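Before any comments, here is the structure.
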Amino acid sequence: MIARRGRRRGRPGTLAEADPGFQIAPMIDVVFVVLVFFMALAAQIRVERDLALRLPGAAVPGAAALPEEEYTVAVGPLGEISFNDEPCDGPESPDLPRLRALLDALRAAGGASTAAGASTAAGASAVVEVSALAGASALAGASAAGGASAVAGMTPGRDEGPVVVIASDPASRYERTIAVMDALASVGIRRVSLAGEEDPP
Amino acid sequence: MAASLGDGDDPGFQIAPMIDVLLVLLIFFMSIASTAITRYDPTIQLPVAPAAAPREEEAPVWVVNVAWDAVTARASVRFEEQDIALPQLTAVLTERRSRGGSARLLLRGDGAVPVRHVQAVVAAAAAAGVAEITFAALRS
């Protein structure tokens, strides 16, 4: 024992014979640092969710829309919402309470026969049905003289219920359109189509 | 018996398997991070939609990012980490579909982007015959 100590004292700084052994304390330090790093990383992860939109792939141009009851939700350039051309929610309200109330009433009035179907709808997924451009061109043909043709037209959906067209001003912020779709999804209206202008070539 | 347990043998701490496990964990998280980066543009501020449905993770998806630069007031459409023009996007999607690929299109648009850019992407996807489009949103 004494001899060994003496030997170490005699050759300071050499590591060749020093056996540091396994130090558990610094190991735990490092592992905790790694753990905290990944925890901080996990806090940054934000779970994204989806609003679904289904374009019928085999849209037949001639067999497009026969919309029986159609309602229009318009998004103005500043984000103001109007329902069937009547101003509804201003640009500053994020969750559109008046539009939701109107849609609720619409759903309750028009959806008496489809309430069962609506309640079995998977909670909140808005299946938005829009015909492909090929299908919409037939619709748009009638109004093509106006220059602005519809991007999307409605095709007969699987389920019943009111048809809601979202007509967004091209300059409005995208989040307003998403807010409208969210309102539609929350009240269970699943037949939605998007209207818009075609980009100028 | 040499292999019996509980006879007081101290197996000791084995550093080598420990390092093995840590490296496997490291590689796992690195691979996750890299896939997340290639598909999702973290600069996009997604809009909020509390009623949105949870994502179907197992379904194949083509991710289109629509980013918005508020300073220059320019939107950029990115598909698989590259800026892409809309006619090219239609061509790429058409080509993938012609090879038998089918997936839904996940549109990740910045909440501040003007809707015309999103409409243009939807129109491009529709022109390619993509039948299903979902819009990404945050819950809160």
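The values are calculated or read from the model by the stated rules, or taken from the named source; none is laboratory data. Bear in mind the structure is a predicted one, so any value in this text is a computation, not a measurement. A quick note on method: Cβ atoms are made from the backbone with ideal geometry, for glycine too, and the neighbour counts reach across all protein chains shown.
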Restricting attention to the range B:131-140, which residues are at the interface with chain A (Cβ under 7 Å from one of its Cβ atoms) and farther than 17 Å from B:P60 by Cα?
B:A137, B:L138, B:R139
Selection from the range A:94-111 of residues that are within 19 Å of the chain's Cα centre (by Cα) and either among the charged types (D, E, K, R) or at pLDDT below 80 (or both)
A:P94, A:D95, A:R100
Residue pairs, Cβ under 9 Å, 6 or more apart or interchain, first in the range B:116-136 and of a type in the set (K, R), second surrounded by fewer than 24 Cβ atoms within 10 Å (Cβ to Cβ) and assigned to a strand (DSSP E or B). List them.
B:R116/B:A75
Just one of the numbered conditions (1) surrounded by 13 or more Cβ atoms within 10 Å (Cβ to Cβ); (2) at pLDDT 85 or above; (3) not aromatic (F, W, Y) is not true of A:A65; which one?
(2)
Hey, B:P47 hits all of (1) over 30 Å from A:G76 (Cβ atoms); (2) of a type outside the set (A, V, I, L, M); (3) touching a residue at least 24 places away in the same chain (Cβ under 8 Å) but one; which does it fall short on?
(1)
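Does B:G100 count as of a type outside the set (A, V, I, L, M, F, W, C) and either touching a residue at least 12 places away in the same chain (Cβ under 8 Å) or within 7 Å of another protein chain (Cβ to nearest Cβ) (or both)?
Working: of a type outside the set (A, V, I, L, M, F, W, C): yes; either touching a residue at least 12 places away in the same chain (Cβ under 8 Å) or within 7 Å of another protein chain (Cβ to nearest Cβ) (or both): no.
When the stated conditions are applied, B:G100 does not pass them.
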Select, from B:R78, B:R104, B:R108, B:R55, the only residue that is under 21 Å from A:A167 (Cα atoms), among the basic types (K, R) and under 17 Å from the mean Cα position of the chain (by Cα).
B:R108
Residue, farthest from the chain's Cα centre (by Cα), within the range A:180-197, restricted to residues that are at the interface with another protein chain (Cβ under 7 Å from one of its Cβ atoms) and of a type in the set (G, A, S)
A:G196
Within the range B:35-92, which residues are of a type in the set (G, A, S), surrounded by 11 or more Cβ atoms within 10 Å (Cβ to Cβ) and under 20 Å from B:L138 (Cβ atoms)?
B:A36, B:A49, B:A51, B:A52, B:A53, B:A59, B:A67, B:A75
Among the residues of the range B:115-130 satisfying the criterion of being surrounded by fewer than 21 Cβ atoms within 10 Å (Cβ to Cβ) and more than 12 Å from B:L86 (Cα to Cα), which is nearest to the other protein chains (Cβ to nearest Cβ)?
B:R116
